[in-house]
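The structure under discussion appears below in the form of structure tokens.
Bear in mind that the values in this text are calculations on the coordinates, not laboratory data. Here the structure is a predicted model, which is why all the values come from computation and not from measurement. Note that we place each Cβ from the backbone using ideal geometry, even for glycine, and neighbour counts take in every protein chain shown.
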Amino acid sequence: MTGRGIVLLALCGVLLLAAPMIADRYVLSVLTTVLWFAYVGQAWNVMMGFSGLLSLGHALYVGLGAYVSAALFVHFGIGPWAGMWVAMLAATAAGCFIGFLGFRFGVRGVHFALLTIAFAEVARIGFDHLQWFGGSGGFFIPVAGDAGNDLLNLRGSPELFYYVILALVLVALALSRVLLHSRLGYQWLAVREEPEAAEAVGVDLFRARIAAVAVSSALTALGGVFQAFYFNNLFPEQVFSMGRSIEIILPAIVGGIGTLIGPILGAFILTPLGELLTFLIEATGFDLPGLKQLFYGVALVVIVVYRPDGVWPWLADRLGLVRRPGEDA
Amino acid sequence: MPFDYYLNIAASGLLTGLVYGLAALGLSVIFGVVRVVNFAHGEMMVAGMYGAVLLASLLGLDPILAAPVVAAVLFAFGWVLQRGLVNRFVERPEHMQFILLLGIATIILNAMLMLFGPDSRNVMVPYSFDTVEVGPLLLDAVRLRAGAGAIVVAAVLFAFFRFSRTGKAIRACADNPLGARVVGLNIDGLYALTFGIGAGVVGIAGALMTLLVDSRPQLAPEYTLLSFIIVIVGGLGSLPGALLGGMLIGFSEAMAGFLLDPSLKSLFSYGVLIVVLLLRPQGLLGKRS
């Protein structure tokens, strides 16, 4: 990054830290949503952006994380800080199993994507019928009321949740950066660009890909834990839906697949855009079901046609935030 | 439970499966030639359904007679879509194609939601409640006609690809795009034609489907996924495989809905998919690449 980029990034960081003092409740809830999508987009990016594995079923890992941590809390009184490890383990196990199936049998590209959708759908229908997890009627975490902020059990005010998700985003960003410049990260990039060449120089494709799935699913599950304790209710139809999986991948795509800042920028574009559309539609009184989603579809097509690499690489280049290719990053 | 009962369920599942198979055939044709996965396939199918619903309510047209009209409209839509947008994505990475078609799917789906509302619409035909006795089987007249329609369209499609010059040219494109270009085939034109054919075929499948289920926009993503499962189960690039896969999925859905719980029926389809990917990743009739 150039000096200008670092200054701008630091400025954004300070603004985000100070946001709860300036923003009202509505803005804070929007920001929390933005950061949540930035976080899971970051997690998804590890698979698609770093290692070229298209997953369209990330709702599976969100859902597993959410349900496992919520069930441990409600049934056994195990708090989220302990439960999250089990949740991450469950999601990682599921991810590795899907990866094992796919990579073993040479299921690639679109077919691998389909396999991930299939498992998310199986989970959706399965959880609909699992009474221990509330079934289709939903699973609820009791709301504590005005018990004050309890960071240990993740119960409390919107500000608490805001800072938790902000911390998650920063951790994920730092982790992504470390990983990308590690031995494993370079293997991922090689596997993404030229699998055959990577294999020829001794990269174990299977292991590199499984590692990507494991990291991505574990991170995503953490997003699920947050979601469970933030919203206090879980419905299989929402949590595991294909629509949710698509929502998860959009920020990274819009912002720029494979970049570190892309998913965050993408989330900051998409969620406020959605809020703005809702506001405009309500203000004009021209309320038709589907109108907002229609605009989303148009936006998607426009972005992929005109900014196929995402907004961040273009923006960073225009504003001189990163060094041009060839200079050392 | 008498054996006849199972036989009936199986037969009706297989007939529904033929319509599924026809829809998947459209997907298979597009993917086999253009190498682009049509993630808006279910949306096009439901557009076909609404086309038939509209023609039935405005002109009192039977869905089977409405099918050619629907096919023509969707053919034109598919052709324009390929020419205008998809063609420039043919060489791009898969996830870009996916996002483009996802955007198009979202637009189609929500346009239908705005035009027709979220409630289901059905088509009434004079033979809605008729049954036909075939040996020990008692089949719904609507299901029989829908299945027969699917077979006829599939047969026409097979004949087109096997015997006509254009069909052969399209197959040449699928086998070797570079070679096809070298011998002077207009690849872009043939791609547009293929996308049009795929869209037209799924439009017919949609029109036939109105005989069996009520039209709702929400069906669209379900049908997209279903078509994918069928194509993979049947074997990529294999047209008979798509029909066979459709029948298998139709059969397993009917059995699951009958033996267990109707809400579990799609679980079975995914189960079939996972088993096929495990044991025979190239699909039932697919060739190992």
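Inside the range B:266-289, can you point out the residues that are free of Cβ contacts under 8 Å to residues at least 24 places away in the same chain and assigned to a helix (DSSP H, G or I)?
Looking only at the range B:266-289, we keep the residues that are free of Cβ contacts under 8 Å to residues at least 24 places away in the same chain, and these are B:267-268, B:271, B:274-275, B:278-281, B:288-289.
Hits for the range B:266-289 are B:L267, B:F268, B:G271, B:I274, B:V275, B:L278, B:L279.
Could you check, for the range A:204-225, whether at least one of its residues is within 14 Å of chain B (Cβ to nearest Cβ) and more than 20 Å from A:Y163 (Cα to Cα)?
From the range A:204-225, those within 14 Å of chain B (Cβ to nearest Cβ) are none; that's our starting set.
No, the range A:204-225 has no match at all.
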Looking at this structure, is A:I165 away from every other protein chain (no Cβ under 14 Å) and either within 18 Å of the chain's Cα centre (by Cα) or outside any helix (DSSP H, G or I) (or both)? yes
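Condition (residue is within 14 Å of chain B (Cβ to nearest Cβ) and free of Cβ contacts under 8 Å to residues at least 40 places away in the same chain) applied to the range A:80-97: is it met by at least one residue?
Filtering the range A:80-97 for residues within 14 Å of chain B (Cβ to nearest Cβ) gives A:94, A:97.
Okay, now just the ones that are also free of Cβ contacts under 8 Å to residues at least 40 places away in the same chain, so A:97.
For the range A:80-97, residues within 14 Å of chain B (Cβ to nearest Cβ) and free of Cβ contacts under 8 Å to residues at least 40 places away in the same chain: present.
Mind telling me which of the residues A:A228, A:A299, A:A214 ends up being assigned to a helix (DSSP H, G or I), surrounded by 22 or more Cβ atoms within 10 Å (Cβ to Cβ) and touching a residue at least 24 places away in the same chain (Cβ under 8 Å)? Spell out the reasoning first.
Working: A:A299 fails: surrounded by 22 or more Cβ atoms within 10 Å (Cβ to Cβ); A:A214 fails: surrounded by 22 or more Cβ atoms within 10 Å (Cβ to Cβ).
Answer to the selection: A:A228.
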Within the set of pairs 6+ apart or on separate chains, which have a first residue in the range A:182-205 that is touching a residue at least 24 places away in the same chain (Cβ under 8 Å) and within 18 Å of A:L54 (Cβ to Cβ), a second that is surrounded by 17 or more Cβ atoms within 10 Å (Cβ to Cβ) and polar (S, T, N, Q), and C-beta atoms under 7 Å apart? A:W188/A:S51; A:V191/A:S51; A:R192/A:S51
Would you check which residues across the range A:215-230 are among the polar types (S, T, N, Q) and in contact with a strand residue (DSSP E or B) (Cβ under 7 Å, 6 or more places away or on another chain) and list them? none
Tally of residues being within 16 Å of the chain's Cα centre (by Cα) and either exposed (fewer than 15 other Cβ atoms within 10 Å of the Cβ) or closer than 19 Å to B:A141 by Cα (or both) across the range B:64-81: 4
May I ask you to list the residues in the range B:252-285 that are over 28 Å from A:F100 (Cβ atoms) and buried (at least 21 other Cβ atoms within 10 Å of the Cβ)? B:A254
Looking at (1) small (G, A, S); (2) more than 14 Å from chain B (Cβ to nearest Cβ); (3) in contact with a Leu (Cβ under 8 Å, 6 or more places away or on another chain), find the lone condition where A:G102 falls short. (2)
Within the set of pairs 6 or more residues apart or between chains, which connect a residue that is at the interface with chain B (Cβ under 7 Å from one of its Cβ atoms) inside the range A:108-125 to a residue that is charged (D, E, K, R) with Cβ atoms less than 7 Å apart? A:G109/B:E94; A:V110/B:E94
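Tell me, which helices (runs of 4 or more DSSP H) wholly within the range A:1-83 include 3 or more residues that are within 17 Å of A:T271 (Cβ to Cβ)? If you could, list the steps in order and put the result at the bottom.
Values: elements: A:3-22, A:25-45, A:59-76.
Filter on the range A:1-83 gives A:3-22, A:25-45.
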